[in-house]
């Protein structure tokens, strides 16, 4: 056999050994707002999302994962520019984007994954303060989704212990609400003065993180360390007298985090706890502690989760920050779900401020229609005082209807 023929034969054998699979869905979502909001008179928002997720098993120890999104909407939350985005750094959602592209290699007790991927840390279900490699799309604060990060991740398992090491060379910020839409509540400016967007200052340094998890007899415990930047921004403001404008720039403060979480299953319920201390060398960034304690119980077709999220501020330096994780702190949080049958389910979520100044209630009904179709209907009620993180969105109560076709 010639060298060329041998090479072609090896390529053919390798291609034949590969396993290819794909899945995806097309979903339309319509959101109805009974009330208008300052700066946003829209009451109906329609969205369309096509997601395609191919997977290739190149060999038993090597898998390649990918996901591509194509979307549009009626409210200009999605760009109208025809381009392919993979960095997720713009204010609007891209029309076409790379959601995931990573290669995962596994050998014995070592797993390595490199590329754009999703990394989730923590054990709590209602709030995860240790989840630092998980930026989100907060254009609609009530219905948010995770964004992938470009990173290399090494997971080493040794008996009952697991060590997770992550480095992310490119920073991925959370996508915050647009200033000209209802999920931003702006202060009133003097007559003739306006806001001016000065853009975002994206960090150029890599982020690093490590997590050690131990599974014992009747408990599970983890410790977490993170060095990098907060994916939620601070706003630095400056007055421009020539333009009669108050300019704002998004800046992402340095962050060093120390965290821990634990889970202890008992006879009647499972206790879960999670805490993280956020420290920073950025002079304008707060330093604080967030903790979560929750109880979880499964009873027949019901799953109940309830607990409390608290916050303790050790250094208060800047009030101009968009921080939903802190916004849901100092609150009683709960979730309940009920599986009616194999095709139908109900879910409820709640967040109630300990002061009573804000309430967030969400209900959702999902019904699978045949083997490919699913319909989901929900309603979110928000009430409270304008000075409260939850209460400031009190004009954003809304109903949701989503139809999904999966393939």
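The values are calculated or read from the model by the stated rules, or taken from the named source; none is laboratory data. From a predicted model like this one, the values you see are computed outputs, not experimental measurements. Note that each Cβ is placed from the backbone with ideal geometry, even for glycine, and that neighbours are counted across all protein chains shown.
Quick check, is residue 215 within 30 Å of residue 158 (Cβ to Cβ), surrounded by fewer than 15 Cβ atoms within 10 Å (Cβ to Cβ) and at pLDDT 95 or above?
Judged against the criteria, residue 215 is a match.
Does residue 143 meet the test of being in contact with a strand residue (DSSP E or B) (Cβ under 9 Å, 6 or more places away or on another chain), in a loop (DSSP other than H, G, I, E, B), under 29 Å from residue 289 (Cβ atoms) and touching a residue at least 40 places away in the same chain (Cβ under 8 Å)?
Here the answer is yes, as residue 143 does meet what is asked.
Only one of 223, 270 is under 18 Å from residue 290 (Cβ atoms) and surrounded by fewer than 19 Cβ atoms within 10 Å (Cβ to Cβ). Can you tell me which?
223
Only one residue in 279, 284, 298 is more than 20 Å from the chain's Cα centre (by Cα), modelled with pLDDT of 95 or more and within 21 Å of residue 227 (Cα to Cα), so which one is that?
Just one listed residue meets the conditions, 279.
Among the residues of region 257-273, write down those that are in contact (Cβ under 8 Å) with a residue 60 or more places away in the chain and more than 14 Å from residue 125 (Cβ to Cβ).
257, 259, 260
Does residue 389 qualify as being touching a helix residue (DSSP H, G or I) at 6+ places or on another chain (Cβ under 9 Å) and either touching a residue at least 40 places away in the same chain (Cβ under 8 Å) or part of a loop (DSSP other than H, G, I, E, B) (or both)?
Here the answer is yes, as residue 389 does meet what is asked.
How many of the residues making up region 226-259 are closer than 12 Å to residue 130 by Cβ and surrounded by fewer than 16 Cβ atoms within 10 Å (Cβ to Cβ)?
Summing the residues that are closer than 12 Å to residue 130 by Cβ and surrounded by fewer than 16 Cβ atoms within 10 Å (Cβ to Cβ) in region 226-259 gives 1.
Select, from 330, 281, 317, the only residue that is surrounded by 15 or more Cβ atoms within 10 Å (Cβ to Cβ) and over 26 Å from residue 359 (Cα atoms).
317
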